Amino acid sequence: MKLVRKDLEKDNAGQVTLIPEEPEDMWHTYNLLQVGDSLRASTIRKVQTESATGSVGSNRIRTTLTLCVETIDFDSQACQLRVKGTNIQENEYVKMGAYHTIELEPNRQFTLAKKQWDSVVLERIEQACDPAWSADVAAVVMQEGLAHVCLVTPSMTLTRAKVEVNIPRKRKGNCSQHDRALERFYEQVMQAIQRHINFEVVKCVLVASPGFVREQFCDYMFQQAIKTDNKLLLENRSKFLQVHSSSGHKYALKEALCDPAVTSRLSDTKAAGEVKALDDFYKMLQHEPDRAFYGLKHVEKANEAMAIDTLLISDELFRHQDVATRARYVKLVDSVRENMGTVRIFSSLHVSGEQLGQLTGVAAILRFPVAELSDQEDESSSEED
């Protein structure tokens, strides 16, 4: 997604102009739109014209309309988004208050205005527009003297750093120059990894090279990390995966990604994180039910006790038509983050999101048991009914 313009007031009212660039962006757009928003985009309207002789004809004319959104229809298979609403801005072809349907599609700009941009919507824009957020795989493709540090998103590979160091050849009886240059090269690659890879987002770092370069580099990196007590690298050691590539050039990354061992490890890594979180919740529900809650009222009460460690919530809930109900979910997310909890927003298009939907769409793993909430379970569930 490309952010063209963002005009927000102090009270968080305002508008944002975006260009969806790939099918996944249409899903983000669907989650941004709400009934009552104002949407401005280019569209085609069938207009009837009457000639001087009285004959009536119709033409298809491209025009730009501003609609007050009434219904939103998303086709997940074709990634098409249809938005129906009434015209709220004067137009020479369309009367004020007339109904029209705008079809949003990739690479076509639109402007969305809201009376209130909340934290969840703003975070979605930030994630959709920052390729690093969708890049949950990183890769270092290297050979002696050359390395590329890349981020791999679902649709593209971004080169974040290129490291080149001249490595002298080994000479009989004197390898010191070669070894010093190699060490300098490894040090620069290690610095580039720390600077450009966000380990909070990245689930796996591929280290690919011909020969033994990758093994030597990884040995050097983790020896240095132990010496300097580099917690960032040591805590994420398990994320590094060594694979073969024919060279250190960027094109060699394709071979590494096609490796069967890699494909099994990388299969939908973002979704795999959601699956694990849901699995952790089910295990907790089975073994320590006082530390696993689901249903909005129970989770809100656990949050009041500042007990939530991980909040699991479906993005479907943020599309609720009732403004007050939606605001309640947003408030819950903000509050859990303020209390240093982790928030996982599940996609309702994914299997794990569907499973969470069967558990009311909101669940929480608690830091400590909250027994008194369990005692209120029957009472609150009857209230919800």
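The values are calculated or read from the model by the stated rules, or taken from the named source; none is laboratory data. Keep in mind that this is a model prediction, so the values were computed, not measured. Virtual Cβ from ideal backbone geometry, glycine too; neighbours counted across all protein chains shown. Side chains are part of the model used for accessible areas, which takes the heavy atoms of the whole protein and leaves out ligands, DNA and RNA. Shrake-Rupley method; radii C 1.70, N 1.55, O 1.52, S 1.80 Å.
In region 1-128, the C-alpha radius of gyration followed by the widest Cα-Cα span (Dmax) gives 16.1, 58 angstrom.
Of all DSSP beta bridges located in region 271-379, what percent are antiparallel, nearest 5?
Here the antiparallel bridges make up roughly 60 percent for region 271-379.
Legend: distances between Cα atoms for K10/K331; K227/K254; K84/K297; pairs beyond 24 Å are K227/K254; K84/K297.
Between the amide H of V343 and those of L311, distances stay under 5 Å, these residues lying 5 or more places away or on another chain, with hydrogens modeled in the peptide plane.
If you run the Gaussian network model on the chain, springs between alpha carbon atoms under 10 Å, then out of K172, K331, K250 the most flexible one is K172. The residues of the chain have, on average, 54 Å² of accessible surface per residue, using a 1.4 Å probe with all protein chains present. Ligands, DNA and RNA left out, the 1.4 Å accessible surface of region 136-268 is 49% carbon and sulfur atoms.
The Cα trace of region 160-234 gives Rg and Dmax of 13.8, 46 Å, the first to one decimal, the second as a whole number. Of all the C-alpha pairs in the chain, what % are more than 27 Å from each other? Tail of the P(r) past 27 Å holds 62 percent of the pairs. Each listed q (0.19, 0.22, 0.24 Å⁻¹) maps to a log10 I(q)/I(0) for region 271-379, found by the Debye formula over equal Cα scatterers with no solvent: -0.93, -1.25, -1.44. Applying the Karplus relation 6.51 cos²θ - 1.76 cosθ + 1.60 with θ = phi - 60° to region 289-295 yields 3J(HN,Hα) values of x, 6, 10, 9, 10, 9, x Hz, where x marks Gly and Pro. Helices of the chain meeting both criteria, an alpha-carbon length of 24 angstrom or more along the long axis and an average Kyte-Doolittle score not below -1.0, with helices taken as full DSSP H segments, are 269-287.
With Rg and the Kirkwood Rh both taken from Cα atoms, where does Rg over Rh land for region 1-43?
On the Cα set of region 1-43, Rg over Rh gives 0.97.
Taken along its principal axes, the alpha carbon cloud of region 136-268 reaches lengths of 50, 33, 23 Å, longest axis first. Considering only GluC sites (Glu not before Pro) in DSSP loops that have at most 14 other Cβ atoms within 10 Å, the longest stretch of the chain without any of them is 201-385. Backbone amide hydrogens, once placed in the peptide plane, bring F110 within less than 5 Å of L18, excluding anything fewer than 5 places away on its chain.
Go from 0 up to the bin containing the longest alpha carbon distance in region 290-332, width 5 Å each, and give me the % of pairs per bin. Going from the shortest bin to the longest, the percentages are 5, 21, 33, 22, 14, 5, 1. Here the Gaussian network model covers the chain, with springs between Cα atoms less than 10 Å apart; of C68, C79, C258, C258 fluctuates the most.
DSSP beta bridges fully contained in region 136-268 are about 60 percent antiparallel.
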